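Taking it in order: structure first as C-alpha cells, then the write-up.
The values are calculated or read from the model by the stated rules, or taken from the named source; none is laboratory data. This one's a predicted model, so the numbers in the text were calculated from it and none came from an experiment. Here the Cβ positions follow ideal geometry from the backbone for every residue, glycine too, while neighbour counts run over all protein chains shown. All accessible areas refer to the heavy atoms of the entire protein, side chains included, with ligands and DNA or RNA removed. Shrake-Rupley method; radii C 1.70, N 1.55, O 1.52, S 1.80 Å.
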Amino acid sequence: MLLLLAATLTTGCRTILRATPPEERATLTLTFDDGPSPSVTDRILDVLARHGVKAYFCLIGENVRASAEHEELTRRIEREGHVIVNHGDTATWATRRFTAAGVAAEIAACDATLARVLGHERPTRWYRPGGGWIWAWQLGAVARAGKTILPLDRYDWDALYSPITADRLQSELLAGIETRGLGWIVIHDGMNGQAELARRMAESPRYDRSFVPELVDALITGAREAGLEVRSAVAAPPTREQW
C-alpha cells in the first residue's frame, strides 16, 4: 500500500513529501527530473523498453519547447507508455516558486506547453516541485490545479556536485538496501534549462548526465537481483482510500 508521509521542517515551513514507510520500501520506482534531454532521455527510454519498465518523467516546460527535437522526445515518452509529470515551467528557484501564485503560474505554463505538444487539454495529474520541496502555503495552489505531488525517497544529488560514475552512484543507491530499501528514486536526466546545462557542462564534466542510461540499466538489474519489485508508473494518482 502506498503511503504518503509529509515531514515539515521548522525553517520556512518547507515540506518534502516522502513516499513510503521503511517496511514498504522493498520496491524501486524510477523518476527522472529536469528533462527532456536529447542523447540522454532517448537512451533511457531504450533501456526502460528493454527491461519492460515504465517510469515517471518530470519535465520542465522550457526544456520541452527548447526545440522540435525536445518536443518529439516528449511525445515519445508518452507514446511508449511512461507518465509525464509537470515539473514547473522554468528552473527558477526565486520568487515565482516561493509564492502560491508563483507555483500556480509555473504549473499552468508547463501544462500549456505539454497540452500543445501532446495534444491533451489536461496532460498530467502529477506535479513535482523543484527539488521536491514545497512550502505549506503553496499546497492549496497545487490542489486547485488538480495535481497530486509526486513523492520521493532517495536522490542522486551528489552527481550535481562531484565527479561521479554510474558504478559509484549505483553502489551508493543500493547501499543498505536490505535495511532501507529504495522506494521512489530521483534521477536527473537533465538539469535546469538546456542553456544552463550546456554552460555548466562546459565548466565541469561533473554535470555530464551521459552516464545516466547506464546507471538505470545497472540499477534495475541490481534491484531485481536483490529481490526488489520494480514498479511501473501509473497515470492516475492513488485515491485517499488506496494510500
query = Counting only residues that are under 15 Å from P213 (Cβ atoms) and without any contact (Cβ under 8 Å) to a residue 60 or more places away in the chain, which one in segment 58-85 is least open to solvent (accessible area, probe 1.4 Å)?
reply = I77
Residue tally, condition basic (K, R) and in contact with a Leu (Cβ under 9 Å, 6 or more places away or on another chain), over segment 58-75 = 1
remark   = From the option list E172, E178, E196, single residue qualifying as open to solvent by less than 60 Å² (accessible area, probe 1.4 Å) and either part of a helix (DSSP H, G or I) or at pLDDT 85 or above (or both) is E196
request  = Taking only segment 136-166 into account, find how many residues are closer than 29 Å to R209 by Cα and at pLDDT 75 or above.
outcome  = 8
message = Tally up the residues in segment 18-49 that are assigned to a helix (DSSP H, G or I) and either surrounded by 19 or more Cβ atoms within 10 Å (Cβ to Cβ) or at pLDDT below 95 (or both), please.
response = 8
note = Every listed condition ((1) modelled with pLDDT under 95; (2) open to solvent by 10 Å² or more (accessible area, probe 1.4 Å); (3) among the small types (G, A, S)) holds for A115 save (1)
inquiry  = Taking the conditions exactly as written (modelled with pLDDT of 85 or more, in contact with a strand residue (DSSP E or B) (Cβ under 9 Å, 6 or more places away or on another chain), outside any helix (DSSP H, G or I) and not hydrophobic (A, V, I, L, M, F, W, C)), does G88 satisfy them or not?
reply    = yes
request  = Run L215 past the list (1) at pLDDT 90 or above; (2) over 18 Å from L150 (Cβ atoms) and report the number of the one that doesn't hold.
outcome  = (1)
message = Being part of a helix (DSSP H, G or I) and polar (S, T, N, Q) is the requirement here; does T74 meet it?
response = yes
